[in-house]
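Data first, discussion second: the structure below is written as structure tokens.
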Amino acid sequence: MQRKITIEVCVDFADNAKNDEIRTTAKDCALRMMATCNLIADNPKATRVACWSEDFFAGHEEIALLQDPLGAVTKETIGTSEDEISSELMGALKDGV
């Protein structure tokens, strides 16, 4: 039997940095829920977990649970973090493979 569980949080902060912290916390909770559901699921394909944020001005914003870490890599960002991409991978990206 399917069951839907909803967690809803409504906050009103003057400082947008606080909203970012709550968004990060919601994402962490959703990731843990997704991992637990998939671990114990009888049918993992039926498991769905969604996380989003809404406000009057910005509207509906999906909070991506699974991100593509290479999607943010550009020539300008290479070497700016501790996570380095191998030269083989960068060569493959340049060659379009």
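The values are calculated or read from the model by the stated rules, or taken from the named source; none is laboratory data. Everything numeric in this text was worked out from a predicted model, so none of it was measured. Backbone-built Cβ (ideal geometry, glycine too); neighbour counts: all protein chains shown.
Scanning the stretch 46-65 for residues that are loosely packed, with under 13 Cβ neighbours inside 10 Å and farther than 16 Å from A14 by Cα returns A46, R48, A50, W52, G59, H60, E61, E62, A64.
If the condition is being in a loop (DSSP other than H, G, I, E, B), of a type outside the set (A, V, I, L, M, F, W, C) and under 16 Å from the mean Cα position of the chain (by Cα), then the stretch 1-50 contributes only R48.
Before we move on, is E21 modelled with pLDDT of 85 or more, surrounded by 10 or more Cβ atoms within 10 Å (Cβ to Cβ) and in contact with a strand residue (DSSP E or B) (Cβ under 6 Å, 6 or more places away or on another chain)? When the stated conditions are applied, E21 does not pass them.
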